[in-house]
Amino acid sequence: MTETSSHPLLSVVVPVRNEVGNIAPLVADIEKACAAIGPFEVVYVNDGSTDGTAAALAELAATRPWLRVVTHAQSCGQSAAVRSGVRHARSAIVATLDGDGQNDPAFLPEMVEALQKAGLQAGMVQGQRVGRKDTGFKRWQSKIANGVRGRVLKDDTRDTGCGLKCFRREAYLALPYFDALHRFMPALMAREGHKVLHVDVRDRPRLTGVSNYGFFDRLWVGILDLAGVWWLIRRRKRVPQIVSETM
C-alpha cells in the first residue's frame, strides 16, 4: 500500500453500472483533476454491471494503486452504490460524480477548497449544472422536479440531481439512509445543522452508452421520497450543540 492510497486527502466515489466505454476516459480525467489536490483515492462501485465494466476497472486498477473497486453482486441503485463507496472511503472528505462522464472532475479542486475554507460548520458543497447537455425532455423533467422539491423542502438548491458533490464523510454517514438519498442531501445536511455551499459546474455530453435512469421509473417513488424527507425535516426540532466533552 502506498502513502497516497493509505492516507488520501480526498476520496472520489464513482457509482457505475454498465458504463464500460466511459471507465478509462473518466479515470484519466479524475487523475488529472486530483493531481492538484494532493494524495487521493478513487473508489469505483460496480453496481451489478453485466457488460465489460468489471474487466475495464480491473485492468486500470492493476497499474493504479489509488484506484479501488467495490463490487455489488446485483444492482442496488445509485444511492446504495454511493453509500458503499463512502463506507469504504479512507478520507474524511469525499467527492462523488456520476460514472457516465457528464460530470467534469475539473471542478473537484474548487469544491474541496470551498469546503475546507468554510470550516467544520460546512457539511457539503453541491454542484449545480450550467449548460445542461441532456435532451430537452430530461432538462424539463429536472426543472419540474427541482422546482417542486425546492418549494416543499426550501433547501436553497436549484439542482440536487447533479452528481458532483463534496462532503464530510462523517456528516454523510450520520444522515438517515434510504433509496434516493443522493437527491436530497442538501436538505438533510441542513436538517443536521450543516452549512451547504454551492458551486456552478459545467455539464458535458455523455461519453458513450445510454442513461440507466428513466423519468417514469422514479416519478412516483420520487413523490413518496419527497414526502418522507419533508416529514423528517418537520420532526427535527433542534440540532444539539455540543459545548463540552469528557473522554
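Worth pointing out:
- Restricting attention to the stretch 18-36, the residues that are out of contact with any helix residue (DSSP H, G or I) (no Cβ under 7 Å at 6 or more places or on another chain) and either crowded, with 22+ Cβ neighbours inside 10 Å or outside any loop (DSSP other than H, G, I, E, B) (or both) add up to 7.
- Scanning the stretch 79-127 for residues that are crowded, with 21+ Cβ neighbours inside 10 Å and among the acidic types (Asp, Glu) gives Asp98, Asp100.
- Of all residues in the stretch 37-78, exactly one satisfies the criterion of being surrounded by 13 or more Cβ atoms within 10 Å (Cβ to Cβ), among the aliphatic types (A, V, I, L, M) and in a loop (DSSP other than H, G, I, E, B), namely Ile37.
- Where a residue in the stretch 16-27 is on the phi > 0 side of the Ramachandran plot and its partner, wherever it lies, is of a type in the set (S, T, N, Q) and at pLDDT 95 or above, with Cβ under 6 Å and at least six apart: Asn18/Ser49
- Among the residues of the stretch 47-56, none qualifies, meaning not one is touching a Cys at 6+ places or on another chain (Cβ under 7 Å), aliphatic (A, V, I, L, M) and either without any contact (Cβ under 8 Å) to a residue 12 or more places away in the chain or farther than 19 Å from Arg183 by Cα (or both).
- Looking across the stretch 175-201, just one residue is surrounded by fewer than 22 Cβ atoms within 10 Å (Cβ to Cβ), in contact with an Asp or Glu (Cβ under 7 Å, 6 or more places away or on another chain) and either at pLDDT 95 or above or hydroxyl-bearing (Ser, Thr, Tyr) (or both), and that is Val199.
- Residue match in the stretch 204-226 (condition: within 24 Å of Gly99 (Cα to Cα), within 14 Å of the chain's Cα centre (by Cα) and at pLDDT 80 or above): no
- Consider the stretch 147-171 and keep the residues that are at pLDDT below 85 and of a type in the set (Asp, Glu). The one that is nearest to Arg235 (Cα to Cα) is Asp155.
- Just one of the numbered conditions (1) of a type in the set (Asp, Glu); (2) modelled with pLDDT under 95; (3) assigned to a helix (DSSP H, G or I) is not true of Glu113: (2).
- Every residue from the stretch 168-187 that is assigned to a helix (DSSP H, G or I), touching a helix residue (DSSP H, G or I) at 6+ places or on another chain (Cβ under 7 Å) and aliphatic (A, V, I, L, M): Ala171, Leu173, Leu181, Ala187
- Only listed residue being closer than 24 Å to Gly161 by Cα and modelled with pLDDT under 95, chosen from Ser79, Ser6, Ser49, Ser11: Ser79
- Residue that is more than 25 Å from Thr157 (Cα to Cα) and within 13 Å of the chain's Cα centre (by Cα), where the choices are Val45, Val69: Val45
The values are calculated or read from the model by the stated rules, or taken from the named source; none is laboratory data. Keep in mind that what you see is a predicted model, and the values were worked out from it rather than measured. Neighbour counts run over all protein chains shown; Cβ positions are idealised from the backbone, glycine included.
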